[in-house]
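One structure coming up, written as structure tokens, with questions to follow.
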Amino acid sequence: MARFGVILPAAGSSTRMTGFQKKKPFLDLKGRPIWVRTAEHFLSRNDVCQTILAVAPDDLDWFRETYRPNLAFMDIQIVAGGATRADSVRNAMQQLRSDAEYIAVHDAARPLLATRWIDEIFTAAEKYKAAIPGLRISSTVKRVTADGRISETVDRTGLVQAQTPQVFERRVLEKAWSICRNPAAATDEASMVEASGHPVQVIDGWPMNIKITTAEDFRLAELFVGALPRPASLGGLHPFGDELFR
Ligand code: CTP
Ligand code: MG
């Protein structure tokens, strides 16, 4: 079985999330902190050998103190994040154990995952060595000027919104890092791998896998939590059910 090291960047400053007391990974989403919800999807997997969460250096003491009860029961490593998302990911990559053959990077601010979605992207990563989920764009796409006027309608053929988890064979991502000229400008890992010349496969993403960016996203997330697919359990199946999975 391939072994995956999981990196969860949670060290941003949540500037677009106004009106909340805490930074978004630490907000309570229907009873559990967002970062806990995100981490749990990976901690429960047999193919994940290590999970690393990057927290802003200024928050580290507060984080360890506040979440001591959670951390006592979670096999998770905490590292100091950096000024950019790429720095946070790099700090975590430096702590990866030698048995992690693949690296999965997933925004801590995307807690709305399902086991079967992680199965899909991990399988794609093993097949293609570099894979990300992408959500096809269904609306007409416009380019707009700074003062709000449409300058053009952009052909949406082949356009997708990149999501995470973004998963790479370890040497593919490490090589991309080693030759990347401006990591700070990369808003995701795939862009570095693309720039390195290695092809990156896109699989269909999942509309509920939103990145909580604004207060409105948070309210959507509260609704989506109850709508996520769950693995079929024998107790949940009945002979007249339409679906094996809900
Ligand atoms: N992130 C990080 N280190 C940074 C910046 C971002 O670990 N220096 C993390 C965030 O915590 C988040 C993920 O990367 O889980 C995606 O980033 P984003 O949604 O942009 O979060 P923030 O940077 O915190 O938000 P904003 O851009 O609105 O300030
Ligand atoms: Mg940001």
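The values are calculated or read from the model by the stated rules, or taken from the named source; none is laboratory data. Since the structure is predicted, the reported quantities are computational estimates derived from the model, not experimental observations. Note that we place each Cβ from the backbone using ideal geometry, even for glycine, and neighbour counts take in every protein chain shown. Quick note on the areas: whole protein, heavy atoms, side chains included, nothing else; ligands and nucleic acids left out. Shrake-Rupley method; radii C 1.70, N 1.55, O 1.52, S 1.80 Å.
Summarise the accessible area of the chain (1.4 Å probe, protein heavy atoms) by the percent that is carbon and sulfur.
Details: 6730 of 13350 Å².
Whole-percent figure for carbon plus sulfur exposure: 50.
If we count every other residue with Cβ under 13 angstrom of E126's Cβ, Lys/Arg +1 and Asp/Glu -1, where does the sum land?
Values: positive: R3, K127, K129, R170; negative: D47, E101, D119, E120, E169.
Residues near E126 contribute -1 overall.
So if I place +1 on the C-beta of Lys and Arg and -1 on the C-beta of Asp and Glu, and nothing else carries charge, what would the dipole magnitude of region 4-229 be about its Cα centre? I want it in debye, nearest 20. Write out the running numbers ahead of the final one.
Details: 28 positive and 27 negative charges, 63 e Å.
The calculated dipole for region 4-229 is roughly 300 debye.
Which FRET efficiency value, to the nearest 0.05, do you get for S44 and V144 by plugging their Cβ-Cβ distance into 1/(1 + (r/R0)^6) with R0 = 35 Å? The partial results should precede the final answer.
Values: r = 43 Å, r/R0 = 1.21.
Given R0 = 35 Å and the Cβ-Cβ separation, E is 0.25.
How high is the relative contact order of the chain, in percent, counting Cα pairs under 8 Å that sit 6 or more residues apart? Spell out each step's value before the answer.
Values: 431 pairs, mean separation 54.8, N = 246.
Relative contact order for the chain comes out at 22 percent.
Given the -39500 (n - 2.57) contribution per DSSP H run of 4+ residues, what per-residue ellipticity at 222 nm results for the chain, rounded to the nearest 500 deg cm²/dmol? Intermediate results must be reported in sequence, preceding the final value.
Values: 8 runs with 73 residues, N = 246.
Taking each H run of at least 4 residues, the total per residue is -8500 deg cm²/dmol.
Another question, then. Rounded to whole Hz and in sequence order, give me ³J(HN,Hα) for region 97-108 from the Karplus expression 6.51 cos²θ - 1.76 cosθ + 1.60, θ = phi - 60°, writing x for Gly and Pro.
Rounded to whole hertz, the list is 6, 5, 7, 7, 8, 10, 10, 10, 10, 9, 4, 4.
Please give, to one decimal in nm, the separation of the simple spin-label points placed at R16 and R32, each 7 Å out from Cα toward the Cβ.
Distance between the two pseudo-spin positions: 2.6 nm.
Among the lysines, select those whose C-alpha is under 28 Å from the C-alpha of K129, and discard any that sit fewer than 8 residues away in the same chain.
Cα-Cα hits under 28 Å: K175, K211.
Another question about this same structure. In a GNM of the chain with a 10 Å cut-off on Cα contacts, which of S139, S191, S98 has the highest mean-square fluctuation?
Per the Cα network of the chain with a 10 Å cutoff, S139 tops the list.
Related question: Return the whole-Å distance between the Cα centroid of region 60-108 and the Cα centroid of region 24-58.
9
For a quick check, take a GNM of the chain with Cα springs below 10 Å and name the residue from V144, V79, V200 with the largest mean-square fluctuation.
Result: V144 has the largest fluctuation of those listed.
Considering only S44, S151, S14, give the residue with the highest GNM mean-square fluctuation for the chain, with springs between Cα atoms whenever their separation is below 10 Å.
Highest fluctuation of the listed residues: S151.
Let me ask something additional. What's the local net charge at N182, with K and R +1, D and E -1, over the other residues with C-beta under 15 Å away? Don't skip to the answer; put the middle values down first.
Values: positive: R85, R90, R181; negative: D87, D188, E189, E194.
Neighbour charge sum, excluding N182 itself: -1.
Moving on to the next point. Along the charge dipole of the chain, Cβ charges K/R +1 and D/E -1, which of N46, G158, F4 sits furthest on the positive end?
The Cα lying farthest towards the positive end belongs to G158.
Write down the accessible area per residue of region 4-229 in Å², having rolled a 1.4 Å probe over the full set of protein chains. Could you put the intermediate results ahead of the total?
Values: 11350 Å² over 226 residues.
Per residue, region 4-229 has an accessible area of 50 Å².
Follow-up question, since we're still on this one. Considering only the chain, what is the antiparallel percent among its DSSP beta bridges, to the nearest 5?
Working: 15 of 33 bridges.
Antiparallel: roughly 45 percent of the beta bridges in the chain.
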